[in-house]
Structure formats: structure tokens, C-alpha cells
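Every number in this text was worked out from the coordinates using simple rules, so none of it is lab data. No experiment lies behind these values; they were computed from the predicted model shown. Cβ coordinates were reconstructed from backbone atoms using ideal geometry, including for glycine residues, and neighbour counts include every protein chain displayed.
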Amino acid sequence: MIKNILIATFLVSASIVTPAIAADDDPESRAISSEGDVAKGKRVFNRCKACHNLTAAPRTRIGPNLDNIFGRTAGTSETFKRYSKALKGASFVWTEEKLDQWLLAPRTFLPGNKMAFAGLKKAEQRRDLIAYLRTATIADAE
Ligand code: HEC
């Protein structure tokens with residue numbers, strides 16, 4: 001009986017504490033990627049790679065390069081010249097939480113953007129992809 005109460009207390013406090021740690025605007029937050037499977041995320045990235053490089057290559061594909069994406073202000077990759085007004089005018093910084101919302105439903109997250117991608121409905125796929133992006137985005141092309 002006491003044990004059950006202790007477990008219940010633990011569960012309640014854990015669920016109160018967790019969202020507070022996952023600050024939406026903290027690029028250092030790894031609350032999503034820490035639970036992800038990098039190998040599975042690499043496979044999910046196959047759906048992005050026709051349009052995105054992960055390095056700061058001088059050339060882009062259809063979309064902006066995703067080098068150093070965590071902590072980067074949205075719409076500011078120097079090598080990408082074709083941003084929509086929506087993304088160019090956005091002033092937020094990419095965090096795991098922002099990326100998670102964008103990847104769930106790009107059109108709803110930022111109306112008027114021109115990324116032709118419907119979204120990843122499964123939370124595990126977004127989580128795994130974000131874990132892969134944490135390991136694979138590269139700051140500078142040598
Ligand atoms: C058909 C091509 C295409 C696919 C597929 C695609 N994207 Fe994009 N993505 C774009 C374009 C184009 C933009 C720029 C949109 C704009 O300017 O409104 C963009 C923008 C982005 C941005 C914002 C970058 C910045 O500089 O602010 C992120 C992050 C992103 N995509 C991640 C992804 C991920 C992760 C996937 C795979 C799940 C993906 N995209 C799939 C074309 C694509």
C-alpha cells in the first residue's frame with residue numbers, strides 16, 4: 001500500500017517536472033533526441049535527403065542545408081537564396097522541440113512556407129530523426 005503511494009507520487013512528480021525541463025526555446029535541450037534511435041533516424045532521413053544536405057556545402061539541394069541546425073535562427077542559411085517570406089520572417093531558433101513541431105505538420109506549424117512535405121505523424125519517427133540529426137549535422141564543410 002505505502003509502496004503504491006510512493007510509486008504514484010513519483011509518477012505524478014515526474015510528469016510535472018519533465019515538461020519544465022524541455023524548454024521550447026533552449027537549443028541545448030536534448031529532451032527528445034536522448035530517447036531516440038540514431039540508426040532508425042538515419043533511415044527516416046532518407047525522406048529528407050533529396051532536398052537537404054547535412055553539411056555547409058556551398059551548393060544546396062531543393063531546400064536549405066541543415067548544417068548546425070540546432071541553435072540556428074530559422075530562415076538564415078547563407079547558401080540558400082529561395083526562402084519563402086514565411087521562413088525568412090520567422091525569428092525563432094531551431095530547437096529539438098521546434099523541429100518536432102515542424103516535422104509533425106510543416107504547413108500548420110508555419111503557414112506560407114514552401115517545404116513540400118506532408119509531415120511525419122509518428123512521434124517515434126520524429127524522435128529518431130532528431131536523434132540522428134543531432135549526430136549528423138556538421139558545423140563547417142572543410
Ligand atoms: C521536397 C523537398 C523537401 C523535403 C522532402 C523536405 N524538405 Fe525541408 N525544406 C524544403 C524547402 C524548400 C525548405 C525551405 C522552405 C521555405 O523557405 O519556406 C525547407 C526547410 C526546412 C527546414 C528549415 C531550415 C532553415 O534554414 O530554417 C528544416 C529544419 C527542414 N526543412 C527539415 C526537413 C527534414 C528533417 C525533412 C525530412 C523529414 C525535410 N525537411 C524534407 C524542402 C524539403
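Data overview
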read-out: Alpha-carbon centroids, the stretch 43-60 and the stretch 97-140: separation in whole Å; value: 13 Å
read-out: Charged-residue dipole, Cβ positions (Lys, Arg, Asp, Glu), the stretch 31-136 about Cα centre, Debye nearest 20; value: 540 debye
read-out: The stretch 47-135: GluC sites (Glu not before Pro) in DSSP coil with no more than 16 other Cβ atoms inside 10 Å; value: Glu78
read-out: The stretch 31-136: relative contact order in percent, alpha carbon pairs under 8 Å with at least 6 residues between; value: 39 percent
read-out: Neighbourhood charge, 11 Å Cβ-Cβ cut-off, centred on Thr79 and excluding it, Lys, Arg +1 and Asp, Glu -1; value: +2
read-out: For the stretch 126-137, Karplus couplings with θ = phi - 60° (6.51, -1.76, 1.60), whole Hz, Gly/Pro x; value: 5, 4, 5, 4, 5, 4, 5, 4, 4, 8, 10, 6
read-out: Karplus-derived HN-Hα couplings along the stretch 35-43 (A = 6.51, B = -1.76, C = 1.60, θ = phi - 60°), whole Hz, x at Gly and Pro; value: 9, x, 10, 4, 5, 5, x, 4, 5
read-out: Estimated distance in nm for a label pair at Lys114 and Ala39, the labels positioned 7 Å out from Cα along Cα-to-Cβ; value: 4.0 nm
read-out: Likely footprinting exposure, Asp128, Asp24, fewest C-beta neighbours within 10 Å first; value: Asp24, Asp128
read-out: HN-Hα J in Hz across the stretch 97-110 - Karplus 6.51, -1.76, 1.60, θ = phi - 60°, x for Gly and Pro; value: 5, 5, 4, 4, 5, 4, 6, 5, 7, x, 5, 6, 5, 9
read-out: Long pairs among Lys98/Lys121; Lys40/Lys85; Lys40/Lys81; Lys49/Lys98; Lys85/Lys122; Lys81/Lys122, criterion Cα-Cα beyond 26 Å; value: Lys40/Lys85; Lys40/Lys81; Lys85/Lys122; Lys81/Lys122
read-out: Residue exposure sequence - Leu120, Leu66 - by fewest surrounding Cβ within 10 Å; value: Leu120, Leu66
read-out: Exposure proxy ranking, count of Cβ atoms within 10 Å, fewest first, for Ser34, Ser77, Ser91, Ser29; value: Ser91, Ser34, Ser29, Ser77
